[in-house]
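Novice: I am attaching a structure below and will ask some questions about it afterwards.
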Amino acid sequence: MIQPPASPQHPEFLATLYEITRTLNSSLNLDEVLDNVMDRVIEVTRAERGFLMLRDTATGDLAFKVARGMDRDVLASPEFQVSTTIIRRVEQTHEPLLTDNAQFDERFTRGQSIMVLGLRSILCVPIMVKGRMIGLIYVDNRLQAGLFDESHLALLTAFATQAGSAIDNARLYEIAVEKGRLETELQMAHTIQRGLLPKTLPTFPGYEIAADWRSARQVAGDFYDWFALPDGQLGVVVGDVSDKGAPAAIFMAVARSLIRSSVLTTSTPEEALRHTNRLIVQDTQSGMFVTVYYAILRPNGEIIGLSAGHNRPLLYRAAHGTGEFLPRGGRALGWFEELPVQAIERRMEPGDALVLYTDGLTEAENLHGEPYGEARLVDATRRGAGQSAAEILKRINTSVASFMGAAPPFDDTTLVVVRYTGAR
């Protein structure tokens, strides 16, 4: 049994304090640290019971974390076994409190829990870290008055300071471990999500296709896809989920799969999007939605485009050096049960380029808060005209990056460039 020295000036005071606190730094497990704190407190004070409370980082309220008897047995329902009057006072004043006979202490004559529980010797000290109270240590004895004195108060107050540092370190370690685990899981999710995107560029007669996908966070709500269709046609899809982060990533995977299955089981592109919309509306309760642009390429240069609330694709005419933004049309999938969507048709000439993108591109901002915009997209496409789809995509990405400068991206970005060569 550790015996406290007679006063803080006693030569053994620091040695005693060192002896009872050295074990605190042997672990960064918060539960182990709290158990060690309580065991050492009961040992040095010879208290009948001890309680440790910590402030909840979310609510700010004090909550019981450890409740011990002198035989180190765990006490049930600690909230009904302590003096709430004393706890409230220490919480309000941030000052330690000692009473050697609470039954006759005039400061606590109105403390009902003191009388009902028959509490006598009580010692309560705050746990302070950098001027803020993160919790408190409370010990008492119901059988013996005068058990605690000023030496116990001084020692426990000093010990609480050391305990506060150990508890704070353990909490920070837990946060770091959790952050590391979360980052690892998000990196795995990023890898899985990227694996859902097409791994190779399609080979389609008369066309060149290039694509780029960038997430503002570890995972994204953007996606692109392509698939072979009957009659020698190719379907190309670009989508953008309304939310960000992990929920959007999950929704993106679901939407992509539903679009693929709907395209292969319906007779028209309009019905494919309507069928996808019905499935999303019926099966999801998240409130998220996804904008989609679905383009169908034909070997002769004809394209069919359907917009479900998505950004207007750019159809760049190489012969004239001009850009046409195709109609937006429709509304996002997953918003309402009815989906008004209408296909539009255009014919591409050799050298023309169709640029599909998500709003993370045209809404990218520089340090002055200015958006990149559609005009810069046309200009970047014009600079790449006459070159391959991959080169046009590179020109656009370089233009966006140069415009943004040091400004961080705030949204995911997907870019697909389809260039018609006419070669068969």
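Nothing in this text is a laboratory measurement; each read-out follows from the coordinates by a stated rule. These figures come from a predicted structure and were not determined experimentally. Note that we place each Cβ from the backbone using ideal geometry, even for glycine, and neighbour counts take in every protein chain shown.
Novice: Going highest first, how would you order 246-258, 404-416, 287-299 by mean Cβ packing within 10 Å? Mind showing how you got there, number by number?
Specialist: Details: 246-258: 20.4, 404-416: 17.2, 287-299: 22.3.
Ranking, from highest mean packing down: 287-299, 246-258, 404-416.
Novice: Right, next: Among the lysines, which fall within straight-line cross-link reach of residue 199, defined as a Cα-Cα distance under 19 Å, with same-chain neighbours fewer than 8 residues apart omitted?
Specialist: Within the straight-line limit of under 19 Å, residue 199 reaches these lysines: 394.
Novice: Any chance you could list P(r) for the stretch 197-420, counting all Cα-Cα pairs in 10 angstrom bins from zero, rounded to whole %?
Specialist: Here the calculated profile for the stretch 197-420 is 8, 35, 38, 17, 2.
Novice: May I ask you to list the lysines whose Cα is less than 29 Å away from that of residue 130, ignoring any residue fewer than eight positions away on the same chain?
Specialist: 65, 179
Novice: Ranked highest first by the average count of other Cβ atoms within 10 Å around their residues, in what order do 168-177, 84-93 fall?
Specialist: Numbers: 168-177: 14.5, 84-93: 16.1.
So the order, starting with the most tightly packed, is 84-93, 168-177.
Novice: Then there is this: Listed highest first by mean packing, meaning other Cβ atoms within 10 Å per residue, what order do 321-327, 364-370 come in?
Specialist: Numbers: 321-327: 14.1, 364-370: 12.4.
In descending order of packing, they fall as 321-327, 364-370.
Novice: Between 377, 281, 318, whose Cα lies farthest towards the positive end of the dipole of the stretch 197-420 when Lys and Arg beta carbons carry +1 and Asp and Glu beta carbons carry -1, centred on the Cα centre?
Specialist: 318
Novice: Hey, another quick one. In nanometres, what is the gap between the two model label sites at residue 388 and residue 181, each 7 Å from Cα along Cα-to-Cβ?
Specialist: So the label points at residue 388 and residue 181 sit 4.6 nm apart.
Novice: Working out 0.36 nm times the residue gap between residue 228 and residue 58, then minus their Cα-Cα distance, what length gain in nm do you get to one decimal?
Specialist: On the way: separation 170, 0.36 × 170 = 61.20 nm, distance 5.16 nm.
Between residue 228 and residue 58, full extension yields 56.0 nm more.
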